[in-house]
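The values are calculated or read from the model by the stated rules, or taken from the named source; none is laboratory data. Note that the structure is a prediction, hence the values are computed from the model and not measured. Neighbour counts run over all protein chains shown; Cβ positions are idealised from the backbone, glycine included. Areas reflect the complete protein model, heavy atoms only, side chains present, ligands, DNA and RNA absent. Shrake-Rupley method; radii C 1.70, N 1.55, O 1.52, S 1.80 Å.
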Amino acid sequence: MLHATKTVSAAFIIAASCLGASASAEFNPGIAIVPMHEIAPLDLDWLAQDDQLRDEEGMPWRFAQPHESFISPGNDGIWDRDEEGRLRWRMRISSKGAPHINLGFEHYDMPFSAELTLESADKWTVLGPYTSADANEGELWTPLVIGDDLFLTITCDDADRFALEEGVILTKINVGYRGFQTPESDRGTSESCNHDVECPLCDAWWNEIPAIGMYTLNGFLTCSGSMVNNTAQDETPLFMTADHCGVRNNNDQTLVVYWNPQNSYCRTPGSGDSGGNGNGNYNQFTSGSQFLTTNSTYDCCLVQLNSSPPDSYGITFAGWSRSNSNSGGRVIHHPQTAEKRCSSIDSLYSTGQYWGVNYDEGRTDYGSSGSPLFNSNRQIIGMLCCGSSFCTND
């Protein structure tokens, strides 16, 4: 058995087997000359109907609609010089009314001198610079840019212009329509019966809480997961989630894990405030992973992150137990990409390859899939698979 630590790393054998707002160019007239790739507003009615079918089939929670593209510095955008005289390429991506957008470069071979930045038109979000060192299996998948209008900028030495024109292609534009808190939106909420991790329900679990992360996959799907210890305790960044979330060898490079989005105080469970947007931030993240193993029978999946979360994030590595005799403790999770929540266990029982759970306080929801079930000894004994847990059903 292993217990959670703050500096020790991860393991995988558990249970019985495996483990916002639209902005104009008025703040900077110069950006009006930047060519725009515009995507029409999404059909929200169709997406709502399709999401209901996806939920019924137990598919991962979708927060964005992917769009194919083929945008490169060789064929699109505009070249000029920045204020320091460096060669600069710019492109604008827009989808009116979208709360957020993220990008996938499935061809990302940046020359050594090049730097890429993403910036929302209202400057709410600035990401980068990304360099050649950020390539994951020859690709780059970005975190979300909040807002419906963003600018893509790459600078490089003059000698590297041709290499840049040939080496970078934007192939996926993922237009958001729900999830994640945004400055002027009520999206990213969860049911109001859930407890923030700052609530008394999780007071004794602060060694385990930082281990849990929420991640995006392929730029449009989301689940929860956890850093886990290994027996060597050598700080290998192992991250465990559910098999049905769909992480595989062919998409492990698209994984972006968000750390520590949680409300700074306990909102009263059952209140409208508890179910709405909190003040958590989504500005701590790591990108890319290496697929290690998965098991559909036990619905668990293990990857190794391409980089360890920075020490400043305060991430811990959860302990685990293979014992077949356990009493329940907590489930810590991110329902519908909302801030981190904590649910307590009323009863825990073995049912085939699963642990059956009846909740006491709090629930789980779509997007909570892959989050860890902790026993009363604060060790992971399984990952969330399925069921019908809502505020009206424990």
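For residue 239, only one of the following conditions fails: (1) part of a loop (DSSP other than H, G, I, E, B); (2) open to solvent by less than 10 Å² (accessible area, probe 1.4 Å); (3) in contact with a Ser or Thr (Cβ under 8 Å, 6 or more places away or on another chain). What is its number?
(1)
Does residue 238 qualify as being more than 17 Å from the chain's Cα centre (by Cα) and not charged (D, E, K, R)?
No: the conditions fail for residue 238.
Would you pick out the residues in the stretch 251-292 that are among the polar types (S, T, N, Q) and outside any loop (DSSP other than H, G, I, E, B)?
Of everything in the stretch 251-292, those that are among the polar types (S, T, N, Q) and outside any loop (DSSP other than H, G, I, E, B) turn out to be 253, 254, 274, 286, 287, 289, 290.
On the given criteria, is residue 31 in a helix (DSSP H, G or I), at pLDDT below 95 and either aliphatic (A, V, I, L, M) or surrounded by 14 or more Cβ atoms within 10 Å (Cβ to Cβ) (or both)?
yes
Restricting the search to the stretch 52-77, which residues are touching an Asp or Glu at 6+ places or on another chain (Cβ under 8 Å), open to solvent by 20 Å² or more (accessible area, probe 1.4 Å) and not in a loop (DSSP other than H, G, I, E, B)?
Selection gives nothing.
Are any residues in the stretch 318-370 of a type in the set (Lys, Arg) and over 26 Å from the mean Cα position of the chain (by Cα), and if so, which ones?
If the condition is that a residue be of a type in the set (Lys, Arg) and over 26 Å from the mean Cα position of the chain (by Cα), then 322 is the only one that fits.
Go through the stretch 190-209 and give me each residue that's part of a loop (DSSP other than H, G, I, E, B), open to solvent by less than 40 Å² (accessible area, probe 1.4 Å) and charged (D, E, K, R).
208
Pairs needed: first member in the stretch 286-300, within 10 Å of residue 242 (Cβ to Cβ); second member anywhere, assigned to a strand (DSSP E or B); C-beta distance under 6 Å; at least 6 residues apart or different chains.
That search, which allows pairs on different chains as well, returns 294/301; 300/383.
For residue 391, indicate whether it is at pLDDT below 90 and either closer than 23 Å to residue 63 by Cβ or within 25 Å of the chain's Cα centre (by Cα) (or both).
When the stated conditions are applied, residue 391 passes them.
Please enumerate the residues belonging to the stretch 106-130 that are surrounded by 15 or more Cβ atoms within 10 Å (Cβ to Cβ), more than 19 Å from the chain's Cα centre (by Cα) and in a loop (DSSP other than H, G, I, E, B).
109, 110, 111, 113, 114, 121, 122
What number of residues in the stretch 322-346 are at pLDDT 90 or above, over 18 Å from residue 299 (Cα atoms) and either of a type in the set (D, E, K, R) or part of a strand (DSSP E or B) (or both)?
Residues that pass the stated criteria total 10.
For (1) open to solvent by less than 20 Å² (accessible area, probe 1.4 Å); (2) out of contact with any strand residue (DSSP E or B) (no Cβ under 6 Å at 6 or more places or on another chain); (3) in a strand (DSSP E or B), each residue gets a yes or a no:
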{"position": "361", "(1), (2), (3)": "no, no, no"}
{"position": "364", "(1), (2), (3)": "yes, no, no"}
{"position": "373", "(1), (2), (3)": "yes, no, yes"}
{"position": "382", "(1), (2), (3)": "yes, no, yes"}
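Can you name the condition, by its number, that residue 152 falls short on among (1) within 18 Å of residue 91 (Cβ to Cβ); (2) surrounded by fewer than 23 Cβ atoms within 10 Å (Cβ to Cβ)?
Against the list (1) within 18 Å of residue 91 (Cβ to Cβ); (2) surrounded by fewer than 23 Cβ atoms within 10 Å (Cβ to Cβ), residue 152 comes up short only on (2).
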